[in-house]
Structure formats: structure tokens, C-alpha cells
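Taking it in order: structure first as C-alpha cells, then the write-up.
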Amino acid sequence: MAVKFEFYESPNTMGTRKKRYHARVVNRERISTDHLAQEIHHSSSLTVADIKATIIALSEKLAYHLKDGARVHIEGIGYFHISLTCPETPTPHSTRANNVKFKSVTFRADKYLKKQLADVKTERSKYKPHSIPVTNEEIDKGLTEYFLTHSVLTRRDFEQLFTLTRATAGRYITRLAKEKKLCNISIPHNPIYEPMPGFYGKEKLPEPEQETDTATE
């Protein structure tokens, strides 16, 4: 058993001559709740149904206490708490409470869990997950063909369409949105895009008619 890894170019060196690379875990396997329940069942006297019910109950109680602002410690696993986001402001007292939103759940591993992983082995991945270089022309052509049969686009669709990694697909889409070629019609944390008028087969908006002077002398 070993953790598979591959080297990726560091984002802060992209576009520069002095490239830097960092190691990142490469693993396409996803372990489900059913899988975990079966494994725990085989090493204990608990039934699969009991284990799954306990996991669901744990998730519900974790959410319940996080909503109250608590910091939850699950022994042997780690600490959970929520992080918040709001628009930057020079005058905090003028920021309304409804402008402060949930951002994410932050996790810090317990010492016991870290100790369990201290002797982990690593090996270079045989699977090469790097994105295949794609030109702006190929993106424009590919999206034009895509929108002939689809009305909206997700980051996952873009990733599969051009054989990109998740991070690279996200950067391309962000750039296209800034260039006003794509428009997010959903919420920021779950974006869904459609083409802007004049791009990828979507008709341009009609030019505003100019008023003519009908006054007579």
C-alpha cells in the first residue's frame, strides 16, 4: 500500500521562466459509506445497518453543533469548525449580519490520526493526470460545438470536454467569465455557465436603434 503522487507546476510560477513544482496526491478511488460500513462490520460485531445509521447520526449532530458555532472534536479523527465569508468593508459596524455567510467546514487532524499516517509510503503515479495543453482557438471551437446540443456548462463538463484537471479547468473558466464570454447563472459556490450574447453560437443582442430627427423647419 502506497500513496500515489505526481508533480505539478506551482501556480505562482506559471508563465515564468523559473518553474517550480510540488508533489500532489493522485488517487482516483473514492471510498463510500457502504464500503466503510462493510469493512467495520467485518472487524466488529456491529451490523452494516447499525454502522451506517451511526455515521448518518454523527453527520447530523456534527452539523447541528457547527450551526451553533461550536468547535467539534471527534477523538482519533480531528477538529471541525466552520469558516465565514463576507464583503470586505472599512466599517465593520455597517455590515449587516445577513451579509456574513457560511463559507466552508475547516478540519484539523487529531494527533492520533497524524501518528497513524506518519509511516505512509509514497510512489510516483503511473497515471499522468496533467492537463493536455489546449489553445484559445480549440476552446472556442469546442465550446461552440458543445453549446449546439447543450444549454449550460459546468466546470466538470469543461474538464471532461478538454481533458483538463479540475484546477486548470477552473482557471480557464474564470478567464472566460472575466472576458465576458461565459456568464454564471447560478450561485458562486456552485456555478453553472451559459454563453454570453455573441459567443459560442448565441446570437448577439440587437443594436439599439438610433433616433432620427423628424422635426420640420
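Numbers for the structure displayed
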quantity	calculated
Accessible area per residue, Å², region 79-200 with all protein chains present, probe 1.4 Å	73
Summed side-chain charge close to residue 177 - residues other than residue 177 whose Cβ falls under 13 Å, Lys, Arg +1, Asp, Glu -1	+4
Distance (nanometres) between label positions extended 7 Å along Cα→Cβ at residue 17 and residue 167	2.4
Size-normalised alpha-carbon gyration radius of region 29-111, reference 2.2 N^0.38 Å	1.52
Normalised per residue, the volume of the convex hull around the Cα set of region 1-60 (Å³)	123
Residue 36-residue 149 FRET efficiency (beta carbon distance; Förster radius 35 Å; 0.05 resolution)	0.35
Relative counts (whole %) of C-alpha pair distances in the chain, using bins that are 10 Å wide	6, 17, 23, 27, 17, 5, 2, 1, 1, 0, 0
1.4 Å probe accessible area per residue over region 27-73, in Å²	83
Rounded percent of accessible protein surface that carbon and sulfur make up, region 20-59, 1.4 Å probe	56
Among 140-146, 1-7, the order from most to least packed when residues are scored by Cβ within 10 Å on average	140-146, 1-7
Neighbour net charge for residue 61 - beta-carbon separation under 12 angstrom, K R +1, D E -1	-1
Scattering curve values for region 50-178, log₁₀ I(q)/I(0), Debye with Cα scatterers, q = 0.12, 0.17, 0.18 Å⁻¹	-0.91, -1.03, -1.02
Difference of contour (0.36 nm per residue) and Cα-Cα distance, residue 53 to residue 105	16.5 nm
Centroid-to-centroid separation of region 140-167 and region 1-54 [C-alpha atoms, Å]	26
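The values are calculated or read from the model by the stated rules, or taken from the named source; none is laboratory data. This structure is a prediction, so every number in the text was calculated from the model and none was measured. Reconstructed Cβ throughout: ideal geometry from the backbone, glycine too, with neighbour counts over all protein chains shown. Heavy atoms of the whole protein, side chains included, go into the accessibility calculation; ligands, DNA and RNA do not. Shrake-Rupley method; radii C 1.70, N 1.55, O 1.52, S 1.80 Å.
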